[in-house]
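Laboratory data are not the source of any read-out in this text; all were calculated from the coordinates shown. Predicted, not measured: the structure shown is a model, and the values here were computed from it. Positions of Cβ are backbone-derived with ideal geometry, glycine not excepted, and every protein chain shown enters the neighbour counts.
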Amino acid sequence: MVKGATISGSVSAPAGVDLSRLWIGAYTDNEWSSAGSAVVASDGSYKISGLPAGSYKLKFSGSGSGALEQWYNNADTFETATAVEVADGQNLTGINATLVKGASISGTITAPAGVDLSQLSVIVYTAVGNNWVTSATVAADGSYEVAGLESGSYKLEFDGWETGVLTQWYNNATSFATATAVTLAVGQDLTGINASLIKGATISGTVIAPVGVTLSEVAVIAKTASNEWAGSASVGPDGSYKISGLPAGSYKVEFSGRWSGALDQWYNNKTSFETATPVSLTTGQDLTGINATLVKGATLSGKVTAPAGIALQESGVLIFRSDAPAQAAFSVPVSPEGSYKAIGLPSGSYKVRFDGGSSGAMDQWFGGTSFSDASALSLTAGSGRTGIDFSVQTGGAISGKVAGAKSFYPVSVLDAAGGLVRNTYSGVDGSYSIKGLASGTYKVAFNRSSGFTTEEAQFYLNKPESAGPAQATGVPVQVGQTTSNVGATLGTGAKISGTVLDKAGNPLPNVMVQAYTPDGSLVTRSTGTDSLGKYTISGTTTGKYIVRVLPFESPLGDLYSGNVTSEANASLVTSTSGSTTTLNLSYAAVAELTAPVPTISGTARVGVTLTANPGTWGPAPVALAYQWKANGVAIAGATAATYTPGSTTVGKTITVTVTGTKAGYPTAAKTSAATAAVLAGTLTTAVPTISGTAAVGQTLTANPGAWGPAPVTFAYQWKANGTAIAGATASIYQPVAADVGKTITVTVTGKKAGYNWASRTSTATAAVVAAGGELTAPVPTISGTAKVGLTLTANSGTWEPAPVALSYQWKANGVSIAGATASTHKLASTTLGKTITVTVTGTKDGYTTAAKTSAATTAVVAGTLTAPVPTISGTAKVGVALTASSGTWGPSPVALAYQWKVDGVAVTGATAPSYTPAASDRGKTITVTVSGSKPGYTSVSKTSAATAAVLAGTLTTAVPTITGTPAVGQALTANPGAWGPAPVTFAYQWKANGLAITGATAGMYVPASADIGKTITVTVTGRKAGYSWASRTSAPTTAVK
């Protein structure tokens, strides 16, 4: 073996870059053809080993380190990178790099309690084109950092996958389209990009399945109204499931049997998405009870026998619907000993095929040689079909070796029509073997795959794959024999390279470019454009190709060779092995919108409206959208043609970006010049007023008036003759003796964030006068009885000088009773045991307010309930219900309880308003005691008058019937009919011509010879404790024979 070459060097980077997270890759033909790689040590050193001789380009990948990606030697792309050459066993050193720190975005994510924040991720996309850039995990405390970003504009997705919270885009948006973009300068560390995630809705329930179904294999899937996956959950051993993290909306729920043995089912017991019952969710709702009872499907099983040397574990059994030959509906593996079993099959007709796979056995249909003549098997859900057995034979084989720069090349065997028969891969040494082939002639294709491979695809004997299967050389095969030495030597394919330009003639980065033949070949060679729009497709063969540009979510649409937008009009590109074909692609240029720079009119001041003047866009009409920004950062929700600056914009400059859209034209955006820094706003003020009497001890109240914009916070300063009164800074003020003869004013100062403070002073009051005399204030008295439910009256006495305004406050044990402010008060149950007082307060302008409190009453005693004697309605008879009439108790509501008694003894459990006498009550009298209770009142019990003695009950009877033939030796049976109330015990007496037959007292009677010529009847007597016996006689039979 030959020692591989090595490439080594050292990587340096500025502070903040984690060198241990860097890795170096060596590439050959394009940026996907990695030949080797190495991680960087903490000291910056690296070494790539085991490289074959050749030319390589090295990529220094940031990969979360915080550094920007770089190609050797200080290049941005594979195409512009400097290649290095190594010979066999050479140790190339000094391939060094100095990396540049990228920009970063960081912030904190919060979520409802119970959410594992470390399971969240933050994903970064380009703001234009929606191309994935990178992602980062979230720490347990909710912090995250995305490092190593190029300067540019990005949108962030906060992914709540399977955590129970809803995925969200920055800033509190639900989609890429509505997300707020963030812009990064070179090396900028942008902080504070936070998110507060909310709980998603859940759907839960229980799945029930019959014996033989494995619940853990059942999946429950929520689908949107357009039948797209929205969420799923596995079913627990107890049948429970829960789908979490769902947005509000309408869903249909599928219970997928998968490999459980149960049939698929949709909620609510439906068989398809179209017929399923939808369920609706609101934000954060926990919807429960979405249950399902699954049905067991059919089973189909058998055994495969094969000659020695057949590896049955590498084969399978395919099950097709009888009306769908194109694709198998189910497939199951075969065990090494040859058994197989398919479960969970819906009712229907099926055909079964043994698929030899790589076992060495030939394919075989059950009961026939092809789908058309194979046996159709009818299956019913819940049933099993066994004995579907196969006896298979060893097939022929094709083997050979594939030589190329790599290993594990795909090898395909095709039938004469080009259909795939078998697939395999070459081994490490290039050898392959495809077994289990029927006798016939086949085509063999090598490297017939799609992707970024650099080697060409070809058919046997060096036929280019692009020529199509019809041109391939046939390979004959005989059952039981191997056709060997069917090999290939794969060379590096041709290349198609060029540049892709957008409609404006600018390079189009990060789009996929494909090359494929127009004959329906399964081979597609792919690549992507770099940051300069350049691409190179490797691995094509000699032939004609169509080249296609796929910009994914870009509005540009697909582009084909010849710079056309449909495959039908595409030009064929000639490719020749060993050479490079240049093909530049560009989207058709479109007319640009006339897009003037907008201007802003208005004063940049908090609370003052600014207006965007977009200018004249053309050709008219052009749809315009607006985004206002403060210091260059978009203001959430500020998307109208006008904007009123808020308090958070003070000191910031304002711009507006106007975006114009029109069908057939590229979107254009223009941003205005910035305003001056936003000034604080000016409050709208009012002159305050003072209410109240300007007298010592009287309360004056400041009324600030209407200030705006609301809300405004107010501060107060009272003044006497224009001089501030120390400490008088509330909205009310009581003049003191020092104020007598002086006028009073109040100055109100309004404050609001983002606005200049403003002060206004009221007009002066009249001069303050001295306090008036004392009021004549007698002690009030209370009349009435201190008892719950009764009313007390306050007698205030005579206050002078009249008139005096009086107010009342009743108190229990000295504590004010809420709402008890009238001259009378009805005592509630909460005052039981407490003494009652009343405080009367008198007020009169110019007089000192006075308050007097009465003497206390005695402690409040319990109230007395109104309690009538109850009555009993109904007949006192066993089995007949009696009803208690309680009468009207008061004051309402009163809680009533019932106790029925027999001869004065309480009947256990008889506490309802009605009672049905039992058999043991016969001959006894019935009473009912009704007890009333109410908080604050003395409980009372009243007992009704007794009923008459309870009579025996009356049975419900029926006329018995006789079944059987009235003949000697033939049994007759008495059928008593329905008697009640059940149970009733029966006695029987058989009679001949009306005379009792001695000993005939059972439910059955066999006529004797003495009964010949006589008619037979039976008398049934019903007995039940507490009830009067009753007898009924059947109709007579015909004469006994």
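Observations on the model:
- Normalised by residue number, the volume inside the convex hull of the Cα atoms of the chain is 363 Å³ per residue.
- Neighbour cut-off at most 15 other Cβ (10 Å), DSSP loop, chymotrypsin sites (Phe, Trp or Tyr not before Pro), the range 143-219: Trp161, Phe176
- Separation between Cα centres of the range 690-709 and the range 797-828, rounded to whole Å: 28 Å
- Summarising the amide proton neighbourhood of Gly400: residues at separation of 5 or more, or on other chains, whose placed amide H is nearer than 5 Å comprise Tyr432, Asn485, Val486.
- Taking every Cα-Cα distance in the range 396-479 and sorting them into 5 Å bins from zero, the calculated P(r) comes out as 3, 15, 28, 27, 18, 7, 2, 0 percent.
- Charge tally in the Cβ shell below 15 Å around Ser42, where Lys, Arg are +1 and Asp, Glu are -1, Ser42 excluded: 0
- Pairs of Cα atoms farther than 22 Å apart, the range 103-176, %: 18 percent
- Evaluating kT/(6 pi eta Rh) at 25 °C and 0.890 mPa s, with the Kirkwood radius of the range 494-586 over Cα pairs in the Stokes-Einstein relation, gives 189 µm² s⁻¹.
- Inter-centroid distance (Cα atoms) of the range 535-570 relative to the range 626-675, Å: 38 Å
- Spatially proximal lysines relative to Lys844 (Cα-Cα < 20 Å; intrachain offsets below 8 disregarded): Lys852
- Mean projection of the Cα convex hull over all viewing directions, computed for the range 28-106: 5.8 nm².
- Cβ-based exposure ranking for Thr864, Thr369, in which fewest neighbours within 10 Å come first: Thr369, Thr864
- Straight-line cross-link partners of Lys877 among the lysines, defined as a Cα under 30 Å from its Cα and at least 8 positions apart when in the same chain: Lys901, Lys924, Lys942, Lys1024.
- Hydrodynamic radius of the range 298-391 by the Kirkwood approach over all distinct alpha-carbon pairs: 13.1 Å.
- Cross-link pairs beyond the 29 Å C-alpha cut-off, checked among Lys155/Lys199; Lys463/Lys495; Lys252/Lys303; Lys652/Lys752; Lys59/Lys406: Lys252/Lys303
- The chain: relative contact order as a whole-number percent, Cα under 8 Å and 6+ apart: 4 percent
- Other-chain or far-sequence residues with amide H under 5 Å of Gly36's (modelled H): Ala26
- The spacing between the range 328-362 and the range 970-992, judged by their C-alpha centroids, is 66 Å.
- In the distance distribution for the range 131-252, Cα-Cα pairs more than 18 Å apart total 63 percent.
- Net charge in the neighbourhood of Ile388 (other residues with Cβ under 12 Å of its Cβ; Lys, Arg +1, Asp, Glu -1) is +4.
- Taking the empirical scaling 2.2 N^0.38 Å for compact globular proteins as reference, the range 899-993 has a Cα radius of gyration ratio of 1.88.
- Sites listed here are chymotrypsin sites (Phe, Trp or Tyr not before Pro) in the range 362-430 whose DSSP assignment is loop and whose Cβ has at most 13 other Cβ atoms within 10 Å: Phe408.
- Residues Val523, Val211 in ascending order of nearby Cβ atoms (within 10 Å, fewest first): Val211, Val523.
- For the range 535-611, the set of GluC sites (Glu not before Pro) satisfying both a DSSP loop assignment and a count of at most 10 other C-beta atoms within 10 Å is given as Glu553.
- Other residues lying with their Cβ under 14 Å from the Cβ of Thr77 contribute a combined charge of -3, Lys and Arg counting +1, Asp and Glu -1.
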